[in-house]
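The values are calculated or read from the model by the stated rules, or taken from the named source; none is laboratory data. All values reported here derive from a predicted model rather than from experimental measurement. Cβ atoms come from the backbone with ideal geometry, glycine included; neighbour counts cover every protein chain shown. Note: accessible area is taken over every heavy atom of the protein model, side chains too, but ligands, DNA and RNA are not part of it. Shrake-Rupley method; radii C 1.70, N 1.55, O 1.52, S 1.80 Å.
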Amino acid sequence: YRLNDWFYYTRTVEGQQYPIFARKRGSLDAAEQITLDQNEMAKGQSFMSVGSYNVSDDGNLLAYSFDSTGYRQYALRVKDLRTGALLPTRAERVTAVVWAADNRTVFYAVEHPVTKRSYRVYRHALGTAEHEMLYEEKDERFSAYVGRSRSREFVFMYAGSLTADEQYYLPA
């Protein structure tokens, strides 16, 4: 798929178990940049799964989640795509991740430790220790998620059950 100046895709290599996430700038004929190699991530692990995969609007940072347990318990990490370095940002039990338009703020939802229901939404500015809880869904019939509009102008927080839902939004 295309996002801003980049073409994003996954590919597999014969003999390897997991996909490689990559991108090319401007054209499919451009040089490849590997953003995540799930095979490398899986080394020393008995299991590896990538959940969320979101690149900041400027294309410099990747917020992704991964599960190395097989219990669908995803941990959030942020990678600087310019250097390949992992930033210190971490969160556990993450169900969804999106970027704000400032390229330094992530919004993410987390699951309840017992019910595994997605129930809280947080905001975190890179470079700070604070993970601000914006919303907690206390009704066990409802789940809470976060997403971004197709226009990329808004961040949405969604709370819903099988029969009802509501959405909140703010400018990205």
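Results, tabulated for the structure shown:
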item: Cβ-Cβ FRET estimate between T163 and Y9, R0 fixed at 45 Å, reported to 0.05; result: 0.75
item: Cleavage-rule hits (trypsin sites (Lys or Arg not before Pro)) in the range 98-172: DSSP loop, at most 11 neighbouring Cβ within 10 angstrom; result: K138, R141, R150
item: Under 5 Å, built H, 5+ apart or other chain: amide partners of Y135; result: V121
item: Spin-label model distance (nm) - H112 vs E136, 7 Å beyond Cα toward Cβ; result: 1.2 nm
item: Stokes-Einstein D for the range 2-93, Kirkwood Rh over Cα pairs, 20 °C, 1.002 mPa s (µm²/s); result: 154 µm²/s
item: Residues in the range 49-72 that a label on D102 would reach, taking backbone N under 15 Å of a point 7 Å out along Cα→Cβ; result: 57-58
item: Mean-position separation - Cα centroids, the range 61-124 and the range 137-153, in angstrom; result: 15 Å
item: Cα gyration tensor of the range 103-153 - equivalent ellipsoid semi-axes, whole Å, descending; result: 22, 15, 8
item: Karplus 3J(HN,Hα) series, Hz, for the range 92-106 with 6.51 cos²θ - 1.76 cosθ + 1.60 (x for Gly, Pro); result: 10, 6, 7, 10, 7, 9, 9, 9, 7, 6, 7, 6, 9, 10, 10
item: Vicinal HN-Hα couplings computed from phi for the range 2-11 (Karplus, 6.51 cos²θ - 1.76 cosθ + 1.60; Hz; Gly/Pro x); result: 9, 9, 6, 8, 10, 9, 10, 7, 10, 9
item: Phi-based couplings in Hz for the range 142-156 (Karplus 6.51, -1.76, 1.60; Gly and Pro marked x); result: 10, 10, 10, 9, 10, x, 10, 5, 4, 6, 6, 8, 9, 9, 10
item: For S52, residues with placed amide H under 5 Å, excluding near neighbours; result: S65
item: Loop-located chymotrypsin sites (Phe, Trp or Tyr not before Pro) in the range 67-170, at most 10 other Cβ atoms within 10 Å (DSSP); result: Y71
item: 5 angstrom amide H check on Y169, placed H, neighbours 5+ away; result: M157
item: Accessible area (Å², 1.4 Å probe, nearest 10) - T105; result: 10 Å²
item: Cα pair distances in the range 20-64, grouped into 5 Å bins until the bin that holds the longest one, percent each; result: 5, 18, 25, 23, 16, 8, 4, 1
item: For q = 0.13, 0.17 Å⁻¹, Debye-computed log10 I/I(0) when each Cα of the chain counts as one equal scatterer; result: -0.68, -1.12
